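Structure first, commentary second.
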Amino acid sequence: MQRKRELHPQLAPIFRVMGVPEELLVIPILESSYLNFSEEESLGGSAGLWQFQAATARRFGLRVDETVDERLDLLKSTQAAASYFQYLHSKFGDWHSVIAAYQIGEGALEARLRRSRGDGGVWSLVRKGALPDYLPQVMARVMLAQGGAYFPLATRSEPGSRKRGTSLGIAVDPPRIGRKPAILSEPLDLEVAK
């Protein structure tokens, strides 16, 4: 988290300008621990802060060849990640699906959603074990980055509700003394893991 705090002022404006939630800047914590690994240091041929595969990096404008690997350029790779997130959002329509698709690939997510016949979306797939626990891990890190489950920094709230949420659609009950931590819930009629 310390490295994220150091890099956040450089990376957040890219996401802001492109209309991508800054909360997604927690993804490199899981992908690379905010370290800029080369392809030789990473598993599976991915590289950089965002752990892009070469083909995906090229698809979103990064140069990857025998002399240059722009996946290792923090700003260019973050621009590419924001473009990829925008693309995934236009395809899937919600940020939770974007996170899942980023981790397993858009084709794999489409196939799993088709097999589930749209029954409950990505959170239903997580509960059934059809998706790895990457999405809950990202959401947990978002909560930690915002001060923990008891004190999330809200960017919006639902009218008439005491729940406050982030731009990713995480809603958390306000804390009450003597109560267990709140369970995450999606304000858009999608159940979140219980």
Filter segment 135-144 for residues that are open to solvent by less than 20 Å² (accessible area, probe 1.4 Å) and within 10 Å of the chain's Cα centre (by Cα); the one that is farthest from residue 98 (Cα to Cα) is 142
Residue 42 vs. criteria at pLDDT below 90, small (Gly, Ala, Ser) and under 25 Å from residue 140 (Cβ atoms)
yes
Could you please find all residues in segment 15-28 being aliphatic (A, V, I, L, M) and either assigned to a loop (DSSP other than H, G, I, E, B) or open to solvent by 30 Å² or more (accessible area, probe 1.4 Å) (or both)?
17, 18, 20
Boolean, residue 97 is at pLDDT 50 or above and either exposed (fewer than 14 other Cβ atoms within 10 Å of the Cβ) or charged (D, E, K, R) (or both):
no
Those residues of segment 29-46 which are in a helix (DSSP H, G or I) and either without any contact (Cβ under 8 Å) to a residue 40 or more places away in the chain or of a type in the set (S, T, N, Q) (or both), in sequence order:
31, 32
Mind counting the residues in segment 33-81 that are of a type in the set (Gly, Ala, Ser), on the phi > 0 side of the Ramachandran plot and within 19 Å of the chain's Cα centre (by Cα)?
2
State whether one or more residues within segment 147-154 are over 23 Å from residue 33 (Cα atoms), surrounded by fewer than 14 Cβ atoms within 10 Å (Cβ to Cβ) and modelled with pLDDT of 80 or more.
no
For segment 47-157, which fully contained helices (runs of 4 or more DSSP H) count at least 1 residues that are more than 24 Å from residue 3 (Cα to Cα)?
54-59, 74-92, 95-104, 106-115, 121-128
When segment 31-62 is examined, which residues are found to be loosely packed, with under 14 Cβ neighbours inside 10 Å and within 18 Å of residue 99 (Cα to Cα)?
33
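The values are calculated or read from the model by the stated rules, or taken from the named source; none is laboratory data. Note that the structure is a prediction, hence the values are computed from the model and not measured. Cβ: placed from backbone, ideal geometry, glycine included. Neighbour counts: every protein chain shown. We work out accessible area using only protein heavy atoms, side chains counted, and drop any ligands, DNA or RNA first. Shrake-Rupley method; radii C 1.70, N 1.55, O 1.52, S 1.80 Å.
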